[in-house]
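Trainee: This is the structure I want to talk about, given as structure tokens.
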Number of protein chains: 2
Amino acid sequence: MKKQGLPENITADDVAAAAGVSRWTVNRAFKRDASISPKTREKVMKAATEMGYLPDLRAASLASDRSNLAALLIDDFANPHKLVMLERITRIMRKRGWDSLLVNTLDRADAGSALLNASQRRVDATILIGIQFDDEVLSAAQSARRFRKLIIFARTSNSPDTISIAVDDEAATTEIAHYVESKGYKRPLYLAGPRTYSAHLRRKETFCCFWKERQNYAPEVFSVSKYDPMLSSEIVRQALCNRPKDTLPDIIVCENDALAIGAIDTIRHTLKLRVPEDIAVIGFDDVPLAETLNYRLTTYRQPITEMAEYLVDVLESEQDTNLDKTFLGQLVVRDTA
Amino acid sequence: MKKQGLPENITADDVAAAAGVSRWTVNRAFKRDASISPKTREKVMKAATEMGYLPDLRAASLASDRSNLAALLIDDFANPHKLVMLERITRIMRKRGWDSLLVNTLDRADAGSALLNASQRRVDATILIGIQFDDEVLSAAQSARRFRKLIIFARTSNSPDTISIAVDDEAATTEIAHYVESKGYKRPLYLAGPRTYSAHLRRKETFCCFWKERQNYAPEVFSVSKYDPMLSSEIVRQALCNRPKDTLPDIIVCENDALAIGAIDTIRHTLKLRVPEDIAVIGFDDVPLAETLNYRLTTYRQPITEMAEYLVDVLESEQDTNLDKTFLGQLVVRDTA
DNA sequence: CAAAAAAATGCACGCGTGTGCAAAAACAGT
DNA sequence: ACTGTTTTTGCACACGCGTGCATTTTTTTG
């Protein structure tokens with residue numbers, strides 16, 4: 001693919017020679033708020049464009065020790081909400097001049113190595129958008145130092161070395177619980193996802209506490225080991241298929257939409273019951289599928305855009321403590337509850 | 001987050017001093033098949049581990065002109081199949097030692113700038129997994145040179161400067177068409193996606209030619225401007241909602257699963273008809289949702305894993321011509337056709 | 001119009017590693 | 001022990017740009 005007659009690598013020196021200035025002036029032309037006169041910059045840019053020159057970000061990063069690059073670690077691709085977060089985060093990062101290194105963490109054992117992988121590229125920050133990051137991994141990460149910032153997105157963590165950006169699970173779940181109560185549901189079933197350690201959600205706990213306190217009994221709880229609609233379908237089937245009708249829950253409150261979608265499928269196609277008339281369902285996240293004709297899912301929307309903007313604020317921030325932040329989302333009432 | 005008392009940046013020099021060897025020996029220890037004695041390597045690695053040293057990949061890339069990094073450009077996050085490709089590609093790349101730079105291309109106008117963005121990081125290859133890459137962008141990319149390899153994934157292109165890795169659309173669509181014919185469908189409707197230029201699919205054309213040749217009439221065709229289930233639902237509704245029953249298609253053949261899912265939703269929930277009894281549906285891709293209880297979609301599965309493995313072969317290949325390759329997938333018959 | 005202030009430009013040095021070759025060390029065979 | 005061979009190690013130089021400061025040019029001001 002090498003074009004003949006064209007130099008293999010155009011550097012700032014080449015452009016400098018062509019424009020009749022020094023190399024440093026060339027690089028200044030490419031740097032915002034650099035001290036350079038408008039007409040020199042124009043002259044340089046003209047030469048650069050003709051020669052197809054663009055600064056080498058590796059060298060820039062090496063020299064300045066800032067890369068404008070952040071690693072995104074993800075491990076849970078079955079959850080459609082991940083796609084939404086990924087899209088929003090990469091879009092907003094790019095809009096604000098940040099590139100993203102995507103690292104697909106294979107499993108829990110792999111998380112540590114993924115972290116080191118990112119650190120070798122000397123990224124300015126590492127963003128965790130997954131579930132399999134437990135204490136060991138986090139402490140290993142810290143002991144390896146080389147991590148400027150370790151950000152946990154859409155999940156809260158108590159680790160002091162970590163910055164957590166997430167919705168306020170307690171507020172959100174309380175709002176959901178109030179809604180469930182106000183609609184007169186009496187036998188809620190809580191469908192929880194995998195339980196994690198360092199970085200977790202406080203949804204199940206909040207819902208159950210709320211219900212026990214207000215209604216004087218604990219809701220039934222089932223747990224799915226992965227945020228995967230098909231797995232959720234299977235767990236709900238096992239939980240409900242042989243039960244007499246009057247012992248069935250009247251609503252399934254799900255930790256997120258992936259679980260809710262699986263639950264709805266089972267209710268409709270395996271149990272042959274109606275949603276919401278026989279069993280209502282409520283989700284969390286508001287994934288694109290939740291809005292489709294088929295699901296029309298009642299769910300809680302996280303303000304992902306706002307969270308992603310704040311994420312970039314954090315990337316660009318100089319301070320390194322007290323950056324945790326929680327957000328409020330909004331209950332989206334559709335047809336399933 | 002700086003740990004006190006620890007040096008800010010541990011370099012190979014530090015490790016060399018600690019291990020009593022030269023810097024070059026330290027770096028050799030980290031390089032496979034480098035000429036180094038086992039016990040020296042062990043000694044170096046021990047010191048390196050204690051000090052938390054890992055080679056700086058930016059500097060390595062700068063010096064060697066190889067980054068083991070490839071850019072992934074994506075623009076179409078509404079299509080669930082993108083998530084599958086992304087997952088598979090990043091997983092296999094990582095397994096084989098490659099990192100990925102994810103670039104979210106905002107729109108067609110942005111594609112060129114995204115390409116330049118990637119080139120500034122001096123990636124070894126740029127992989128296009130989107131639709132909005134037309135001739136202009138590709139030629140701009142080439143004229144900017146700095147692109148070692150430009151790979152178009154899951155789409156074919158005739159550009160000589162490009163490497164295309166895709167399923168054999170003609171073979172796949174022919175298999176689908178044979179299936180449709182053999183099942184006795186008589187009024188197929190082809191639901192196509194957005195039409196593109198340089199990088200395209202040959203599905204619609206193949207299906208229509210096949211049908212015209214064998215049945216002597218052209219199937220009806222509708223086109224959706226984005227691979228988005230909700231948009232597909234809307235187009236199908238407009239196309240079919242006021243039609244007398246006997247003029248409705250008996251099968252909708254969709255360019256991919258995103259469209260098929262939207263079509264099914266409309267058939268069931270808006271037209272109040274049954275799938276496949278009233279209208280059958282067939283998709284393409286075999287996204288995870290296709291397998292769920294709710295859809296049980298008949299579709300064509302692309303061998304993404306195999307394609308991703310080949311992609312890495314291409315990344316590692318020295319030659320730079322004749323690397324295009326097409327793959328055969330498999331028809332997955334479920335309940336919708 | 002000269003002097004002072006401000007803006008623009010040039011430069012030595014450093015960032016951390018790879019390459020190819022030369023020097024040194026280890027090993028083999030007699 | 002001695003030579004020839006192979007393995008291992010060290011090193012000068014290069015990769016392309018940023019930083020901080022010194023120098024030059026331009027602008028401002030009395």
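Every number in this text was worked out from the coordinates using simple rules, so none of it is lab data. Fair warning: this is a prediction, and the values are worked out from it, not measured in the lab. Glycine also receives a Cβ, built like all others from the backbone with ideal geometry; neighbour counts cover every protein chain displayed.
Trainee: Would you mind telling me the antiparallel percentage of the DSSP bridges in the protein assembly as shown, rounded to 5? Walk me through the intermediate numbers first.
Mentor: Values: 13 of 77 bridges.
So the antiparallel bridges in the protein assembly as shown amount to around 15 percent.
Trainee: Semi-axes of region B:12-55's equivalent ellipsoid from the Cα gyration tensor, sqrt of 5 times each eigenvalue, largest first, rounded to whole Å?
Mentor: 14, 10, 10
Trainee: Still on this structure, please answer the following. Grab the Cα-Cα distance for residue B:226 and residue B:158, subtract it from 0.36 nm times how many residues apart they are, and report the gain in nm with one decimal.
Mentor: Separation in residues times 0.36 nm, less the Cα-Cα distance, equals 22.2 nm.
Trainee: Nearest 500 deg cm²/dmol is fine: what mean residue ellipticity at 222 nm does chain A get from its DSSP H runs of n ≥ 4 alone, each adding -39,500 (n - 2.57), divided by its residue count?
Mentor: Mean residue ellipticity at 222 nm (helix-derived): -12500 deg cm²/dmol.
Trainee: Using a Gaussian network model of chain A with C-alpha springs under 10 Å, which one of A:123, A:221, A:44 is most mobile by mean-square fluctuation?
Mentor: Answer for the Gaussian network model of chain A: A:44.
Trainee: In whole Hz, with x marking every Gly and Pro, tabulate ³J(HN,Hα) for region B:250-261 from phi via Karplus 6.51 cos²θ - 1.76 cosθ + 1.60, θ = phi - 60°.
Mentor: Result, rounded to whole Hz: 9, 8, 10, 9, 10, 5, 7, 5, 4, 5, 4, 5.
Trainee: In whole Å, largest first, what are the principal axis extents of the Cα atoms in the protein assembly as shown?
Mentor: Answer, in whole Å and largest first: 75, 71, 56 Å.
Trainee: Here's another thing I want to ask about it. Can you flag which of A:95/A:226; A:82/A:212; A:82/A:226; B:183/B:212; A:212/A:272 are past 22 Å Cα-Cα?
Mentor: A:95/A:226; A:82/A:212; A:212/A:272
Trainee: What aspartates and glutamates does residue B:325 reach when the alpha-carbon gap must be under 13 Å and sequence neighbours fewer than 8 apart in one chain are set aside?
Mentor: B:168, B:169, B:306, B:309, B:313
Trainee: For region B:41-48, what does the Karplus curve 6.51 cos²θ - 1.76 cosθ + 1.60, with θ = phi - 60°, yield as ³J(HN,Hα) per residue in whole Hz, taken in order and with x for Gly and Pro?
Mentor: 4, 4, 4, 5, 4, 4, 4, 4
Trainee: In addition: Taking 8 Å as the Cα distance limit and 6 or more residues as the minimum spacing, I'd like the relative contact order of chain A as a percentage.
Mentor: Result for chain A is 14 percent.
Trainee: Identify the chymotrypsin sites (Phe, Trp or Tyr not before Pro) of region B:275-328 meeting these criteria: DSSP loop state and at most 13 other C-beta atoms within 10 Å of the C-beta.
Mentor: Sites meeting the loop and neighbour criteria: none at all.
Trainee: For residue B:152, what residues show an amide H to amide H distance below 5 Å, using hydrogens built from the backbone and excluding near sequence neighbours?
Mentor: Under 5 Å from the amide H of residue B:152 lie the amide H atoms of B:128, B:163, B:164, B:165, each far enough along the sequence or on another chain.
Trainee: Now a separate question. For region A:252-337, state which trypsin sites (Lys or Arg not before Pro) are in a DSSP loop and have at most 10 other beta carbons lying within 10 Å of their beta carbon.
Mentor: Working: sites: A:268, A:272, A:274, A:296, A:301, A:325, A:334; in loops: A:272, A:274, A:296, A:334.
Sparse-neighbourhood loop trypsin sites (Lys or Arg not before Pro): A:272.
Trainee: Report ³J(HN,Hα) in whole Hz for each residue of region B:72-78, in order, from the Karplus equation J = 6.51 cos²θ - 1.76 cosθ + 1.60 where θ = phi - 60°; Gly and Pro get x.
Mentor: These are the phi-based 3J(HN,Hα) values: 10, 9, 10, 9, 10, 6, 6 Hz.
Trainee: Copy-to-copy spacing for residue B:205, label 7 Å out on the Cα-to-C-beta vector, in nm, shortest first?
Mentor: 6.0
Trainee: Who wins for biggest fluctuation among A:90, A:206, A:321 in a Gaussian network model of chain A, springs between alpha carbons below 10 Å?
Mentor: In the Gaussian network model the winner is A:321.
Trainee: Could you check what % of the DSSP bridge pairs in chain B are antiparallel, to the nearest 5?
Mentor: Bridges in chain B are about 15 percent antiparallel.
Trainee: OK, next. What's the average, rounded to a whole number, of partner chain beta-carbon atoms within 10 Å of each residue's beta-carbon in B:258-266?
Mentor: Neighbouring Cβ atoms belonging to other protein chains average 2 per residue here.
Trainee: As a footprinting exposure proxy, order B:208, B:241 by other Cβ within 10 Å, with the fewest listed first. Write out the running numbers ahead of the final one.
Mentor: Values: B:208 20, B:241 10.
By the 10 Å Cβ count, ascending: B:241, B:208.
Trainee: Quick one: if you stick a label point 7 Å off each Cα along the C-beta vector at residue B:217 and residue B:334, how many nm between them?
Mentor: 3.1
Trainee: Ignore the peptide's own chain and count Cβ atoms of other chains within 10 Å of each Cβ in B:112-125; give me the average, rounded.
Mentor: Values: counts 0, 1, 1, 0, 2, 5, 1, 4, 8, 10, 6, 0, 0, 0.
Average neighbour count from other chains, rounded to a whole number: 3.
Trainee: In whole Å, largest first, what are the principal axis extents of the Cα atoms in region B:169-301?
Mentor: Principal-axis extents of the Cα atoms in region B:169-301, largest first: 34, 31, 26 Å.
Trainee: Between region A:148-225 and region B:26-42, how far is it from one alpha carbon centroid to the other, in angstrom?
Mentor: 50
Trainee: Angle, helix A:229-240 long axis vs. longest principal axis of chain A, Cα atoms, 0 to 90°, nearest 10?
Mentor: 20
Trainee: With both partners inside region B:202-337, how many of the DSSP beta bridges are antiparallel, as a percent to the nearest 5?
Mentor: Here the antiparallel bridges make up roughly 40 percent for region B:202-337.
Trainee: Need one number: convex hull volume per residue for region A:1-115, Cα atoms only, in Å³.
Mentor: Roughly 157 Å³ of hull volume per residue.
Trainee: Within 10 Å of each Cβ in peptide B:53-61, how many partner chain Cβ atoms are there on average? Round it to a whole number, please.
Mentor: Taking all residues of B:53-61 together, the mean is 5.
Trainee: List A:31, A:204, A:245 from most exposed to least, where exposure is judged by having the fewest other Cβ atoms within 10 Å. Provide the component values of the computation, followed by the final result.
Mentor: On the way: A:31 12, A:204 21, A:245 8.
Fewest-to-most ranking of A:31, A:204, A:245: A:245, A:31, A:204.
Trainee: So, in Å, what gap is there between the alpha-carbon centers of region A:98-120 and region B:64-102?
Mentor: A separation of 13 Å, based on Cα centres.
Trainee: One decimal, nm, shortest first: give the distances between the label point of residue B:178 and those of the same position in the other copies, each label point 7 Å from Cα along Cα→Cβ.
Mentor: Here the equivalent label points are 6.2 nm apart from this one.
Trainee: When Lys and Arg each count +1 and Asp and Glu each count -1, what net charge do the other residues less than 12 Å away from residue B:207, Cβ to Cβ, add up to?
Mentor: That works out to -3.
Trainee: Using a Förster radius of 56 Å, what is the FRET efficiency between residue B:64 and residue A:246 based on their Cβ-Cβ separation? Nearest 0.05, please.
Mentor: Numbers: r = 71 Å, r/R0 = 1.26.
The value I calculate is 0.20.
Trainee: Which value, to two decimals, describes the C-alpha radius of gyration of chain A once divided by 2.2 N^0.38 Å?
Mentor: 1.26
Trainee: Considering only the label points, 7 Å along Cα→Cβ from Cα, what distances in nm to one decimal separate residue B:40 from the same position in each other copy, shortest first?
Mentor: In nanometres, ordered from closest: 4.8.
Trainee: Separate question: Let me spell out the model: positive unit charges on the Cβ of Lys and Arg, negative unit charges on the Cβ of Asp and Glu, origin at the Cα centre of region B:266-331. What dipole size does that give, in debye rounded to 20?
Mentor: That gives region B:266-331 a dipole magnitude of about 780 debye.
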